1. Mind listing whichever residues of segment 15-29 are in a loop (DSSP other than H, G, I, E, B), at pLDDT 95 or above and within 25 Å of CYS233 (Cβ to Cβ)?
2. If a residue counts only when it is closer than 15 Å to LEU231 by Cβ, at pLDDT 95 or above and touching a strand residue (DSSP E or B) at 6+ places or on another chain (Cβ under 8 Å), which helices (runs of 4 or more DSSP H) contained entirely in segment 244-328 have at least 1 such residues?
3. Among the residues of segment 5-26, which ones are among the charged types (D, E, K, R) and exposed (fewer than 14 other Cβ atoms within 10 Å of the Cβ)?
4. So, in segment 134-153, of the ones that are charged (D, E, K, R) and either within 16 Å of the chain's Cα centre (by Cα) or within 15 Å of ASP235 (Cα to Cα) (or both), which residue ends up surrounded by the fewest Cβ atoms within 10 Å (Cβ to Cβ)?
5. Can you find a residue that is under 27 Å from LEU75 (Cα atoms), in contact (Cβ under 8 Å) with a residue 60 or more places away in the chain and aromatic (Phe, Trp, Tyr) anywhere in segment 276-287?
6. Do you know which residues across segment 307-326 are among the aliphatic types (A, V, I, L, M) and either free of Cβ contacts under 8 Å to residues at least 12 places away in the same chain or within 20 Å of ASP48 (Cβ to Cβ) (or both)?
7. Among the residues that make up segment 61-74, is at least one of them hydrophobic (A, V, I, L, M, F, W, C) and in contact with a strand residue (DSSP E or B) (Cβ under 8 Å, 6 or more places away or on another chain)?
Amino acid sequence: MSYRIGLDTIFLRPTERIAHTEYCSNDALIRALLPDGAGCLDDALDLDFIWCTNDGPVPWSERGRVTDMGHAEFLENGRDKRPPKPSPFRDAEDVLAFDAVAEYGLPDFDSLAAYYEKSHREFQAARPNQVVTGGYYKTIVSGAIEAFGWDWLLTAAADQERFEKVLDSIFRLSLHHYEAWARTSIEAFICHDDMVWTEGPFMDPAFYRRAIFPRYAKLWKVLKEVGKKVLFCSDGNFTMFIDDLADAGADGFIFEPLTSLERVVACYGKTHFIAGSFVDCRTLTFGTHTEIQAEVDATLRIARECPGFMFAVGNHIPSNVPVGNALFYLSYLKQHWNR
């Protein structure tokens, strides 16, 4: 683990090995890495970078209406499972009349910037061996998911003109937070927005290009003007939008295996930060050591040509990954990650 390697990778500077991060919620693996419960998991995983977003001190659920869609069983023993709750929105008209700034309010700017700076400094001090990012989760589409849930979001999105006004209100709320983050000492910022599904966009691509990407550009400009690196992150497959995101100003991409690593590397491997790999959590779960090794090797072959490459299992190391497979993956990667 190395703060310097993490930071140099973000800024495309030479490093002696390929940088590494992971997203892990596998309790059995955590117990194997920290058997006495002591120590730092991020160090035990040999991470150089910690994925971090923070949307402020008060959640939307305490400030206005949100839709709780419930949660499927994901963590060990299903402790995160919960049933959905009724939506606070009555119909599509209720959604299309929504204004996020009026609903949730804009926190005092100086207090918000101070909160972000304090939170970041404390987290970074606790993780001296990793780069801790700043970031915002509910940027535009993820904000709409949080507020409306998928059913009402998709219904309202059919009226593109009015739905764009709704998204603009979420953008204006996000801009307030992005401007506060720009006042902090962070080096890198994660713009998270789950804007696509596994098959790709769920709205007309032209709508993304008209209503969403220009607003990303405005959000990112306030960070880039003060030297922060902007790293875009979304679940799903956003391969068709890679060029749009780069044109809007993204300095890097964080993605799961559904987005084409080959395409990203071919177009932006020399110029952008890239966090991902060919290693799929499904291979870690159901595959053999030979199959895991093949995905690591395939990634390393192209990663060595990319100054900003950070190795990660892009779709997480969840609870059902066998510990033996996870430990093999981590060990094999560490043995072969030199440039």
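1. THR15, ILE18, THR21, GLU22, TYR23
2. Helices (runs of 4 or more DSSP H) meeting the threshold: 261-268.
3. ARG13, GLU16
4. The extreme case among them is GLU146.
5. No, segment 276-287 contains no residue that is under 27 Å from LEU75 (Cα atoms), in contact (Cβ under 8 Å) with a residue 60 or more places away in the chain and aromatic (Phe, Trp, Tyr).
6. MET310, ALA312, VAL313, ILE317, ALA326
7. There is no residue in segment 61-74 that is hydrophobic (A, V, I, L, M, F, W, C) and in contact with a strand residue (DSSP E or B) (Cβ under 8 Å, 6 or more places away or on another chain).
For every residue, the table says whether it meets (1) in contact with an Asp or Glu (Cβ under 8 Å, 6 or more places away or on another chain); (2) in contact (Cβ under 8 Å) with a residue 60 or more places away in the chain.
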| residue | (1), (2) |
| --- | --- |
| PHE163 | no, yes |
| ASP168 | no, no |
| HIS177 | yes, yes |
| HIS192 | no, yes |
| PHE241 | no, no |
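The values are calculated or read from the model by the stated rules, or taken from the named source; none is laboratory data. Just so it is clear, the structure is predicted and the values come from calculations on it, not from any experiment. No Cβ is skipped: glycine too gets one built from the backbone with ideal geometry, and neighbour counts run over all protein chains shown.
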